[in-house]
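Notes follow the structure.
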There are 2 protein chains.
Amino acid sequence: MKTDLDQIMQDRNLDVLLVLGNAEHNSPMYYLTGGGHVNDATLIKPRGKDATLFCNDMEREEAAKTGLKTVVYSKYSLKELRKEANNDMILVAALRLQKMLSDCGVRSGRIGVYGQTDLSSSFSMLLAAQKLMPDVEFVGESGMDSVFLQAMETKTEDEVARIRKMGQITMEVVAKVKDFLTGHAVDENEVLLRTDGKPLTIGDVKAKINLWLAERGAENPEATIFAIGRDAGFPHSVGTPSDKIRLGKTIIFDIFPCEAGGGYFYDFTRTWCLGYAPEAEQKLYDDVREVYEKLIDEMEVNMPFGELQRLTCDLFEAQGHPTIRSHEATQEGYVHSVGHGLGVNVHERPWARMEMKDNLLQRGTVFTIEPGLYYPERGMGVRIENSYYARPDGTFERIVEFPFDFVLEMKG
Amino acid sequence: MKTDLDQIMQDRNLDVLLVLGNAEHNSPMYYLTGGGHVNDATLIKPRGKDATLFCNDMEREEAAKTGLKTVVYSKYSLKELRKEANNDMILVAALRLQKMLSDCGVRSGRIGVYGQTDLSSSFSMLLAAQKLMPDVEFVGESGMDSVFLQAMETKTEDEVARIRKMGQITMEVVAKVKDFLTGHAVDENEVLLRTDGKPLTIGDVKAKINLWLAERGAENPEATIFAIGRDAGFPHSVGTPSDKIRLGKTIIFDIFPCEAGGGYFYDFTRTWCLGYAPEAEQKLYDDVREVYEKLIDEMEVNMPFGELQRLTCDLFEAQGHPTIRSHEATQEGYVHSVGHGLGVNVHERPWARMEMKDNLLQRGTVFTIEPGLYYPERGMGVRIENSYYARPDGTFERIVEFPFDFVLEMKG
């Protein structure tokens, strides 16, 4: 939780957090500011002290809404900085950073750098600032494990309430998609037909999804997966917009929207076959469903998430499917991890990696369970995903409910 | 243009471009790949050679759609990398980068780094890779001027066509907002009323804007400014969702959507007063409009954009307003620059900065002209913005047209 930040900084020997970039769609900055239209900001948080947010003058009102101490960049005269830097704009940025750090009392120590930023300008600025400030050390952390990812891993009730709200919105949209699809007529080639007589396409469905999300104050900055047939066999294929929607083919619908403006995500997947399921597709679904149910049975609070990954590989291999454990570079069978944490990032700690013994399903975590099987050459793929909250009382809450039906009866 | 990249690399003494991050909402990666759901990719482009796109196995089909040579990350066994790095995940990333560069024939030289990325993991990886590869030098560039910003500065006809399309969509949405606002009834306090009798708020209007954009295949990843009264006096205040919409107050409506999934932007602003304009508001509007018209008269192909900024300051100062030239830290009067280039970034070269003599309104550029005046303490602000294309024949095209009306007559 956010209140753990100082302790985690100490554990990692970090004296200062330096966060760069926009307040929105930038998880560490969003986490500390709560969002808002504040662009190209600089946040400095020394260990044990409050953070200061530096921002463009034009956005000072938006910045003030964060409740943090704010300072406008014009405090550092651009004219004078340019003179000092002989118009080298990289040095201008580095000199300004040095002054901002100094104004926060930072002249030495280890400074962790964070933020979703333009790498080119951030990297050049940090290298130049490093030369200016021999007594500090700018350091990055791994994308799998940082101060922020560790703090974000456990959620407050307020954070869970926001994720739950996004879950409810997601369920409304998924239900609308289901009704929309099954309400269509079908031609002699088993292709769904729009009222204008043209084939219904993936692009048509996605336009509706975007609309229904926007109506509910949500957005999908990381897109939506709606993939049919062979595309469904590639776990992260988002689907081909011109593809027609047909009966009897697996459709993977993986939707992961967040609050408009960035913020908390939900993550959910169903696989559907419209009208009927051929034997091979039904078998694939049954295999995934069986593994899903076993995983839910085996889930225990405080277990390493990687243990569930190991179990998933055991179960799929026992069914005869290749896995990334049995064949590291396999493109068929079970090819991803069984879940991930969920919050202001769509993917965050805890990670379901066998080698990460310290990523536990501890109280306060919110995470997905999403086994899947993929056979692109056979034109099919199946994934089932729900998100769970490990409650303070040690029980798991499936955050929202939706039927598991694989075959959707056509009503058009 | 993209075809200039190799020459620009040579001019800047860069041997390789290294672009990190997603294909969408990441302008250098979008520029080279054309987008698609390809996340955490690595693009390596040696000077004079084609680029190679490295991606996650699960996204290889999406990556293949870019038309670039693609290589999946599983080529570099994670198991072996972890062994080599003794499970240090930062070193794992650096070792993999070294191998990818080597497979593209890169073992020495200056490597420019780019991309909208997670700074912490990118920075740590680059520092570790720098240690592994003493014969290369990883360098960043300024956010105001890079290889990419220079190439992007001039557009092909195809790129302009996409911007024009976004302009048309923007005009449709602005027209709908205008009709929506003026169709409302008004109560005795001059507040607009919804059909349910509640006051119409900024939040209500923004929800409609998001909806109308989504319906047209557009999105607003950088938000939309719809700010009334005092908020309009802060150029980048996006507006307070709960604010009621009233007659006789300046409303700044600045909309800058892009193609869904990232891609080309449009940028447009009108300032409206609903019902009537008080004398002070009308005077402010007239001042801005007068300056806007003079700027359009003075615009010449190949002039430095900064000359227009100088002229804008001249004109506003002659009207008696403070400017950032006359008072560097002013919060009133004219406080920003008069425009910017527009493309796969909402802000890009050419910049309207007096000190940047080489940012010209050359043939092929697309840019905004957006003079404005802001008086938050007087509860008002005005900005007028249109986007222009400097055609190959040396004439300027106002990309789309919309009436300049300041006072909108209420019809509800």
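Here are a few things to note about the model shown:
- Nearest-0.05 FRET efficiency for A:Asn87 and B:Asp405, computed from C-beta distance (R0 30 Å): 0.10
- Three-way shape call for the stretch A:1-145 based on the alpha-carbon gyration tensor, with the a/c threshold at 1.5: oblate
- Angle between chain A longest axis and helix A:157-182 axis [Cα atoms, degrees, rounded to 10]: 40 degrees
- With the simple spin-label model, which puts each label point 7 Å out from Cα in the Cβ direction, the A:Leu132 to B:Val72 separation comes to 4.6 nm.
- Across the identical copies, how the A:Arg398 labels are spaced - nm, sorted shortest first, 7 Å along Cα→Cβ: 5.9
- Each copy carries a label point for A:Asn302 at 7 Å from Cα along the beta-carbon vector; from one copy to the others these points are 7.7 nm apart, nearest first.
- Measuring nothing but how far apart in sequence close Cα pairs (under 8 Å, 6+ apart) lie, relative to its length, the stretch A:2-150 scores a relative contact order of 25 percent.
- Contact order normalised by residue count of the stretch B:153-408, Cα under 8 Å, 6+ apart, percent: 23 percent
- In the protein assembly as shown, the DSSP beta bridges split such that about 75 percent are antiparallel, to the nearest 5.
- Take each residue of peptide B:120-132, count the partner chain Cβ atoms within 10 Å of its Cβ, and average: the result is 6.
- Total charge dipole magnitude, the protein assembly as shown, about the Cα centre, Cβ charges on Lys, Arg, Asp, Glu only, Debye to nearest 20: 680 debye
- The stretch A:307-406: trypsin sites (Lys or Arg not before Pro) in DSSP loop, at most 13 other beta carbons within 10 Å: A:Lys357
- Label-to-label distance, nm, for residues given as B:Ala185 and B:Arg363 (7 Å Cα→Cβ offset): 5.9 nm
- Residue-level result for chain B: its Cβ closest to the axis carrying B onto A, with that distance in Å, is B:Ala214, 2.
- By the count of neighbouring beta-carbon atoms within 10 Å, fewest first, B:Thr312, A:Thr368, A:Thr250 end up ordered A:Thr368, B:Thr312, A:Thr250.
- Over every Cα atom in the stretch A:301-340, the radius of gyration and the widest Cα-Cα span, Dmax, amount to 10.3, 32 Å.
- By the beta-carbon count within 10 Å of each Cβ, the least crowded to most crowded order of A:Glu219, A:Glu293, fewest first, is A:Glu293, A:Glu219.
- Acute angle (nearest 10 degrees) that the helix A:202-215 long axis makes with the longest principal axis of chain A, alpha-carbon atoms: 50 degrees
- Taken over chain B, the alpha-carbon convex hull comes to 159 cubic angstrom per residue.
- Lysine pairs with alpha-carbon atoms under 18 Å apart, the stretch A:111-265, spacing 8 or more or separate chains: 14
- Pairwise centroid distance, computed over Cα atoms, of the stretch B:309-340 with the stretch A:350-401, Å: 55 Å
- This ranking places A:Ser237, A:Ser142 by how few other beta-carbon atoms lie within 10 Å of each, fewest first, which gives A:Ser142, A:Ser237.
- Annotation: Cα Rg of the protein assembly as shown relative to the compact-globule expectation 2.2 N^0.38 Å equals 0.95.
- A straight chain from B:His327 to B:Leu193 at 0.36 nm per residue would run longer than the Cα-Cα distance by 44.1 nm.
- Placing +1 on the Cβ of every Lys and Arg and -1 on the Cβ of every Asp and Glu, with nothing else charged, gives the stretch A:2-150 a dipole about its Cα centre of roughly 420 debye.
- Spin-label zone in the stretch B:50-74 - amide nitrogen under 17 Å from a point set 7 Å from the Cα of B:Arg107 along the C-beta vector: none
- The calculated FRET efficiency for B:Asp11 paired with A:Gln10, based on their beta-carbon distance and R0 = 45 Å, is about 0.40.
- Loop-resident trypsin sites (Lys or Arg not before Pro) (DSSP state other than H, G, I, E or B) in the stretch A:1-74 with no more than 13 further Cβ atoms inside 10 Å of their Cβ: A:Lys49.
- Other-copy label distances relative to B:Asp196, 7 angstrom Cα-Cβ extension, nm: 3.2
- If you plug the beta carbon distance of B:Lys99 and A:Ala318 into 1/(1 + (r/R0)^6) with R0 = 56 Å, you get a FRET efficiency near 0.95.
- The loop-placed GluC sites (Glu not before Pro) in the stretch B:320-412, going by DSSP, that have at most 10 neighbouring Cβ atoms within 10 Å of their Cβ come out as B:Glu401, B:Glu409.
- Degrees separating the helix A:305-318 axis from the principal Cα axis of chain A, which is the longest one: 30 degrees
- MRE, 222 nm, helices only [DSSP H, n ≥ 4, -39500 (n - 2.57), over chain B, to nearest 500]: -10000 deg cm²/dmol
- Cβ neighbours within 10 Å from other chains - mean over B:137-147: 6
- For chain A, the share of DSSP beta bridges that are antiparallel, to the nearest 5, is 75%.
Just so you know, all these numbers are worked out from the coordinates, no wet-lab data involved. Keep in mind that what you see is a predicted model, and the values were worked out from it rather than measured. No Cβ is skipped: glycine too gets one built from the backbone with ideal geometry, and neighbour counts run over all protein chains shown.
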